[in-house]
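The values are calculated or read from the model by the stated rules, or taken from the named source; none is laboratory data. Remember, predicted model here, so these are calculated numbers, not experimental data. Reconstructed Cβ throughout: ideal geometry from the backbone, glycine too, with neighbour counts over all protein chains shown. Calculation scope for accessible area: heavy atoms of the full protein, side chains included, ligands and nucleic acids excluded. Shrake-Rupley method; radii C 1.70, N 1.55, O 1.52, S 1.80 Å.
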Amino acid sequence: MGRRRGVTDAEIDQFRDPVIQYEANKHSPVFFGTRFVSARAELNPADEFDPSLSHPALVGYSLASSILCDGKAAQKEDDSAVDPTKSTPREYLDTFIYPELIPALEAMLYDAKRFKCFERKRFRFNGCDFLTEYLYRNNKRFTDRKGVRLNDIPFVQEELKEHPRPPLPLSLIWTPEEAAIVIESFWRGFLVRRREDVQELRKWQKKCREERQDVRKKVSSFWAKTALAGDDADE
């Protein structure tokens, strides 16, 4: 029995991001969230179609899940035979780097989409911070790193001590909903303060504060003079 082959670069290039590849006006919803490719067959694919095993929309197409699973199984067999100290740069990347980095990049892209980084010029999402936290938490050699945040990583804490970051502006910290609440609150306050009766009340309050300030000055001046008079009497 021959050894199961892995997925070639040409086969991997055929499968793109499912959200980008899927189009509602061209494909059935059964394709959404999957990776697929048009199957090449000499005979009519519908002749061997079994509705109890598949969806009619998949006639003439092959889902990539089985191909990728075969590739992962073959990759596990190949990984044990690769010596990291003697492997070529390509073998080292394919065996030890890409299997860990590609899932992290995919997770980063989905998180960037959640923060609408592809729709705005300025955003608070930092791809390098995300990759650092993701790779640290998902390191297979350690099982006690689940739930660790970026600022709790030891080497990140040391780096921030030597090179502290400036605080982010509120325009990047607040969500659109939080910013809308602050703006609406300020605008409602402005509409109230511009009313004539409210302006009259504010003028009266200002006058009272000035009078109280004058009283404090007079009392302070009185006690200062009294203290000087007492000192002169003692002399």
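Compactness of the range 162-234, taken as the C-alpha radius of gyration over 2.2 N^0.38 Å, stands at 2.19.
Suppose all protein chains stay in the model; what accessible area per residue would a 1.4 Å probe give for the range 163-223, in Å²?
With all protein chains present, the range 163-223 gives 96 Å² per residue.
The residue list 179, 167, 154 was ranked by how far each Cα lies along the charge dipole of the range 99-189 toward its positive end, using unit charges on Cβ atoms, and 179 comes out on top. Taking all protein chains together and a 1.4 Å probe, the residues 125, 96, 155 rank 155, 96, 125 from largest to smallest accessible area. Figure legend: label point modelled 7 angstrom from the Cα of residue 178 along Cα→Cβ; no residues of the range 112-132 have amide N under 11 Å from it.
Every pair of different Cα atoms in the range 135-189 enters the Kirkwood calculation, which places the hydrodynamic radius at 14.6 Å. Computed with every protein chain present, the accessible area of residue 152 is close to 90 Å² [probe 1.4 Å]. Between residue 220 and residue 193, the FRET efficiency estimated from the beta carbon spacing at R0 = 41 angstrom works out to 0.80.
When 186, 123, 130 are compared by accessible area at a 1.4 angstrom probe, the order from most to least is 186, 123, 130.
Keeping the other protein chains in place, figure out the carbon and sulfur percent of the accessible area of the range 142-235, with a 1.4 Å probe.
On the way: 5080 of 8720 Å².
On the range 142-235, the fraction of accessible area on carbon and sulfur atoms equals 58 percent.
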